[in-house]
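So the structure is just underneath, and the comments pick up after that.
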There are 2 protein chains.
Amino acid sequence: MTPTAPPTPAQLMDQLAQAAAGYYRSFAAVAAERGLTLMQGKMLSLLRRPMPMRTLADLLACDASNVTGIVDRLEARGLVSRETAPADRRIKNVTLTEEGEDTVRQIRAELMSSLTGLEGLDEEERITFQRLLARVFPAA
Amino acid sequence: MTPTAPPTPAQLMDQLAQAAAGYYRSFAAVAAERGLTLMQGKMLSLLRRPMPMRTLADLLACDASNVTGIVDRLEARGLVSRETAPADRRIKNVTLTEEGEDTVRQIRAELMSSLTGLEGLDEEERITFQRLLARVFPAA
DNA sequence: CTCGATAGTTAAGAATGTCAAGCACTCTCG
DNA sequence: CGAGAGTGCTTGACATTCTTAACTATCGAG
């Protein structure tokens with residue numbers, strides 16, 4: 001059906017736009033099932049280990065004042081907690097609670113099963129895909 | 001540096017999360033340079049040709065009422081216009097104005113030059129990348 | 001110890017997301 | 001034709017997020 005001609009960088013960029021939109025559409029749907037917004041879900045997923053609010057702001061590409069509100073709501077639900085760092089008392093480390101860890105596990109599992117195409121890639125394709133992604137979007 | 005072992009689907013999903021975040025970080029930055037929000041930029045980019053607000057809501061994965069507000073602001077800036085479809089007078093087609101077309105062209109160009117990794121892919125890599133993206137995120 | 005920088009909070013206003021209700025229009029069916 | 005169901009868009013109320021600026025507390029360098 002589709003011609004096998006090499007896509008121009010512009011066409012590739014369109015495909016990327018669609019992929020990124022598709023990813024967040026799935027992510028938002030999975031988060032919404034648990035009454036979480038996209039941002040709240042993103043933040044929980046980032047918290048593999050405790051980290052300062054400042055770091056979260058950088059990773060989420062948003063203002064620090066923004067993180068305050070998001071953590072407020074997650075803390076009110078008992079999914080994360082704030083702990084002042086003893087070494088530098090300005091810093092507050094955000095940590096997942098037990099319930100928060102559970103939620104993240106569920107979100108990850110459902111997201112995975114919702115991205116059906118991922119399971120279908122064989123080992124070599126996964127290597128290739130990861131390399132291409134890493135090249136186009138190098139870790140900041 | 002990184003071992004060349006095949007990534008697990010879970011690791012690949014993390015890479016995808018990072019790529020999607022990186023894409024929208026660039027996109028939002030480019031849009032912001034023109035005083036546009038991420039959503040406004042997304043909508044403009046979708047308008048290669050006129051389309052009903054309902055369709056835009058589906059593509060942006062948001063509520064129809066949301067589209068009303070976004071189009072209101074873009075229209076107030078003279079970037080798009082609403083035109084009632086003669087065949088079905090319930091439908092309003094959103095169209096880019098001349099200035100809107102210019103803006104989209106600029107956004108696309110800057111986004112492209114901001115995703116530096118894209119230009120570096122040779123033809124074969126582009127084919128591979130596009131196929132992988134299309135497989136994991138099939139067109140809805 | 002004072003000064004400049006950093007982490008986090010607060011507050012005000014714009015933009016977006018969600019939900020329910022409403023209006024205009026189309027379509028179907030009797 | 002005409003009533004009712006369904007669709008497209010708008011409006012209003014409210015929660016969340018984004019943006020900006022000011023403010024407090026703390027750290028670190030001189």
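The values are calculated or read from the model by the stated rules, or taken from the named source; none is laboratory data. Keep in mind the model is a prediction, meaning the values are calculated, not measured. Here Cβ is always computed from backbone atoms with ideal geometry, including for glycine, and neighbour counts include all displayed protein chains. For the accessible areas, the whole protein counts, side chains as well, though only heavy atoms, and no ligand, DNA or RNA atoms are used. Shrake-Rupley method; radii C 1.70, N 1.55, O 1.52, S 1.80 Å.
Values computed for the structure shown
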quantity	calculated
Tally, over the range A:121-137, of residues that are more than 7 Å from chain B (Cβ to nearest Cβ) and not in a helix (DSSP H, G or I)	2
Filter pass, B:Thr103 being surrounded by 19 or more Cβ atoms within 10 Å (Cβ to Cβ), hydroxyl-bearing (Ser, Thr, Tyr) and touching a residue at least 40 places away in the same chain (Cβ under 8 Å)	yes
Candidates B:Leu46, B:Leu56, B:Leu36 - the one that is within 12 Å of another protein chain (Cβ to nearest Cβ) and not charged (D, E, K, R)	B:Leu46
Flag for B:Ala109 being closer than 22 Å to B:Tyr23 by Cβ, in a helix (DSSP H, G or I), out of contact with any His (no Cβ under 9 Å at 6 or more places or on another chain) and hydrophobic (A, V, I, L, M, F, W, C)	yes
Positions within the range B:79-121 being basic (Lys, Arg) and closer than 20 Å to B:Ser45 by Cβ, in sequence order	B:Arg82, B:Lys92, B:Arg105, B:Arg108
Condition check for B:Asp102: more than 14 Å from chain A (Cβ to nearest Cβ) and within 8 Å of DNA strand D (Cβ to nearest atom)	no
Flag for B:Arg82 being within 13 Å of DNA strand C (Cβ to nearest atom), at pLDDT 95 or above and more than 14 Å from chain A (Cβ to nearest Cβ)	no
The range B:5-27, residues that are open to solvent by 20 Å² or more (accessible area, probe 1.4 Å) and either of a type in the set (A, V, I, L, M) or more than 7 Å from every other protein chain (Cβ to nearest Cβ) (or both)	B:Ala5, B:Thr8, B:Ala10, B:Gln11, B:Asp14, B:Ala17, B:Ala21, B:Ser26
The one condition in (1) within 22 Å of A:Arg105 (Cα to Cα); (2) among the charged types (D, E, K, R); (3) within 12 Å of DNA strand D (Cβ to nearest atom); (4) in contact with a helix residue (DSSP H, G or I) (Cβ under 9 Å, 6 or more places away or on another chain) that A:Glu33 fails to fulfil	(3)
Conditions (1) open to solvent by less than 70 Å² (accessible area, probe 1.4 Å); (2) not in a strand (DSSP E or B); number of the one not met by A:Asn93	(2)
Lone qualifier among A:Arg48, A:Arg77 - being more than 16 Å from DNA strand D (Cβ to nearest atom) and not acidic (Asp, Glu)	A:Arg48
